[in-house]
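A short write-up of the structure that comes next.
Only the coordinates and a few stated rules stand behind these numbers; no lab work does. Since the model is a prediction, treat every value here as computed from it, not as a measurement. No Cβ is skipped: glycine too gets one built from the backbone with ideal geometry, and neighbour counts run over all protein chains shown.
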Amino acid sequence: MEDVEVLYEATEEDEIAAIDFELRQIQGEIEKLKERKLALSQRKQKLQDDALLKKSLTVSKKDWERDDFPWSKDLLDALTKVFRIKRFRELQKAAINAILSKEDTILVMPTGGGKSLCYQLPAVIGKGVTIVISPLLALMEDQLHGLEKINVKAGMMNPKSDKTVTKSIMDALEGKDDGLKLVYITPEYMKKSKRFMAKLQKAFNMKLLELFAIDEIHCCSTWGHDFRPDYQFLGCLKDMFPGVPILGLTATAPAKIINDVQKMLDIQGCLVLRASFNRPNLFYEVRRKPADKEVCLSMLANLLKTRFADMSGIIYTTTIKDAEQLTSDLRDKGLKLGCYHAMLEPEVRSKIYQRWITGEYQAVVATIAFGLGIDKPDVRFVIHHCVSKSMENFYQESGRAGRDGKKAACIVLYRLADIFRLSTMVIGDKVGLQNLYKVLEYCLEPGTCRRSLIAKHFEENWRQEDCAEMCDHCRRPKKSKETDIGSHCRQLYQIIEKALKGETNLTLIKLMDAWFNKGAVAYRVSSIPVPKFSREAGEAIVGHLLVNGYLKEDFVFNAYANLTYLNRGPKSGLAMDKNHRIMFCHDQALDL
């Protein structure tokens, strides 16, 4: 009888094991089907976007660079006499001719490419008013200052505008001041001000509305890296003001966003002009950011005192607190720097800006509030003390270097811990985390040309030899190799599972400590061997697993802060199969 019971138990255990095995197989198939579904959905969307872009080809086949338009002579006269510019840059003339022909146009042009001229110049030769919709007051103030210097009358409307300024703009929209050429306004104020919209309707009825120029047009799209809900209001412009052309401008927008913007603004199939993203004079470099604060400060001070001695630049930080602290620390090392952020009084910001322009300050330590619309041509370096929130942000911010066409350096200081710090800031955005992980991929890449990575992101064809050694990977090539890190992934899962059973969430630091047999003993798993590679290599593995869905971030929100913890990702089912390979391309020096 006892033998029968033992046999029965063994059979039952075998059946459970068989069921578990089959469940794992099914889970693996489910993961594969999910991946296939995602790939097919993305392919379908790409085909739909391509079809929409093809509609723009009909308009784009027209020669917009011609000099025989009715306004061509007036354009050239205003360009040279008013703006004191000798010749057009790439695509400027085409964009201007298109909008003067009443064609809706989207212009994608790198930071510093001269987008503002494409609506300012037509406004100068036009009889009516151009409405410029822009997201930042600082950018509008800077442009107004520039227009004032060349005696072009322009105004700006916002909640803090002087009443006399507001009245003069309102009068101009009723035809009482034919000297006003441009009106700058934020989308938020435009949406809220019924009075302004009523005046616009009057201007339209009197045929005084020349153009709507929408700057940073990627903000219209929920897929954009800087989505602004009030930009959605601009979808009414075509219905309210038929025949008035729309010019959308941005430095960064892949096809998906361009198509989304066209649908939102009801300008499907409009002319899309896209300049090359490439800035051949910019040198792209990623450096590992030292975890030790003093070592990091010494590295920055050394860069400014040697490689960038007597040169002008920008150091970008994430928060106001970071900007103020870094400025103070670097000043203690004998550097002349200014601190710039949005909470400073306007007169203080202006003073710092002037000291930087004149060279009294070697660099400005700033949040991303600094730089939009700033046209200092001789910026020789842009250093990111922390990675950007998206590739689009990085491209715009680094693009403030070298506007004079001479060589300049764009350096990112990368540390995985900064990614987790930023993720709590971007999680509220629809694609915030996805965009941040693209930056992580850029930093982790061991040997591919930096420019080709940027080109791939912005959907532009690129050959590695075109870099001309203007990135760290092409100038100093390193050997890389591929390693299967599946076993390391499963080890991390064991550590995470043990912590969760103890009702504990693991941060990056706690997970790394447990893996390397440091920190709290309670988090360690005795059966897991201590890695023979460096902690730096371990963090690179975690970053790769995060980007590729084998790990994920879980967010916890409390009254004091947003916190992020690491957990098994959506591909954990695949990773648990010991036959599944997770290939990781890395610098051979990491010695995994």
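The loop-placed trypsin sites (Lys or Arg not before Pro) in the stretch 84-128, going by DSSP, that have at most 14 neighbouring Cβ atoms within 10 Å of their Cβ come out as 84, 86, 87, 102, 127.
When +1 charges are put on Lys and Arg Cβ atoms and -1 charges on Asp and Glu Cβ atoms, the dipole computed for the chain relative to its Cα centre reaches about 2580 debye. Were the residues from residue 426 through residue 535 laid out at 0.36 nm apart, the gain over their Cα-Cα distance would be 36.6 nm.
Backbone amide hydrogens, once placed in the peptide plane, bring residue 251 within less than 5 Å of 109, excluding anything fewer than 5 places away on its chain.
Ranking request for peptides 424-432, 66-74: highest mean number of other beta-carbon atoms within 10 Å first, then the rest in descending order.
Ranking, from highest mean packing down: 424-432, 66-74.
Modelled label positions at residue 151 and residue 332, each set 7 Å beyond Cα in the direction of Cβ, lie 5.3 nm from each other. Counting only residues at least eight positions apart within a chain, or on another chain, the lysines with an alpha carbon under 17 Å from that of residue 389 are 289, 430, 438. For the chain, the residue among 561, 325, 341 whose Cα projects farthest onto the positive side of the dipole built from Cβ charges is 341.
Between residue 487 and residue 459, residue separation times 0.36 nm minus the direct Cα-Cα distance comes to 6.6 nm. Farthest toward the positive end of the dipole of the chain, out of 586, 118, 28, is the Cα of 118, where the dipole comes from beta carbon charges about the Cα centre. Amide H to amide H, with H built 1.01 Å from N, residue 106 comes under 5 Å of 248, 271, 272, 273, counting only residues 5 or more places away or on other chains.
Axis angle, to the nearest 10 degrees, between helix 72-81 and the longest C-alpha principal axis of the chain: 90 degrees. Contact order, relative form, for the chain: 12 percent (alpha carbon pairs under 8 Å, 6 or more residues apart, mean separation divided by residue count). The charge dipole of the stretch 333-442, taken about the Cα centre with unit charges on the Cβ atoms of Lys, Arg (+1) and Asp, Glu (-1), comes to about 280 debye, rounded to the nearest 20. Placing a pseudo-label 7 Å from each Cα along the Cα-to-Cβ vector at residue 560 and residue 441 gives an inter-label distance of 3.7 nm. Between residue 348 and residue 305, residue separation times 0.36 nm minus the direct Cα-Cα distance comes to 12.9 nm. Between the amide H of residue 288 and those of 414, distances stay under 5 Å, these residues lying 5 or more places away or on another chain, with hydrogens modeled in the peptide plane. Using +1 at the C-beta of Lys and Arg and -1 at the C-beta of Asp and Glu, which of 575, 508, 520 has the Cα lying farthest in the positive direction of the dipole of the stretch 502-588? Ranked along the dipole, the leading option is 575.
In the list [x] 0.96; [y] 1.03; [z] 1.15, the label attached to Rg/Rh (Cα atoms, Kirkwood Rh) as derived from the coordinates here is [y]. For the chain, the longest principal axis of the Cα atoms and the long axis of helix 2-60 meet at an angle of about 20 degrees.
Between the alpha-carbon centres of the stretch 421-491 and the stretch 100-144 there is a gap of 33 Å.
If R0 is 41 Å, the Cβ-Cβ spacing of residue 178 and residue 63 corresponds to a FRET efficiency of close to 0.80.
Taking every DSSP beta bridge with both residues inside the chain, roughly what % is antiparallel (nearest 5)? Bridges in the chain that DSSP calls antiparallel: roughly 20 percent. Note on residue 73/residue 522: beta-carbon distance plugged into 1/(1 + (r/R0)^6) with R0 of 60 Å gives a FRET efficiency of 0.15.
Between residue 291 and residue 22, the simple label model (points 7 Å from Cα in the Cβ direction) yields a spacing of 4.7 nm. Sort out the exposed loop GluC sites (Glu not before Pro) in the chain (DSSP loop, at most 16 other Cβ within 10 Å) and tell me the longest stretch that has none. Counting at most 16 other Cβ atoms within 10 Å as exposed, the longest clean stretch of the chain is 175-359.
Between the stretch 149-190 and the stretch 533-592, the C-alpha centres lie 52 angstrom from each other.
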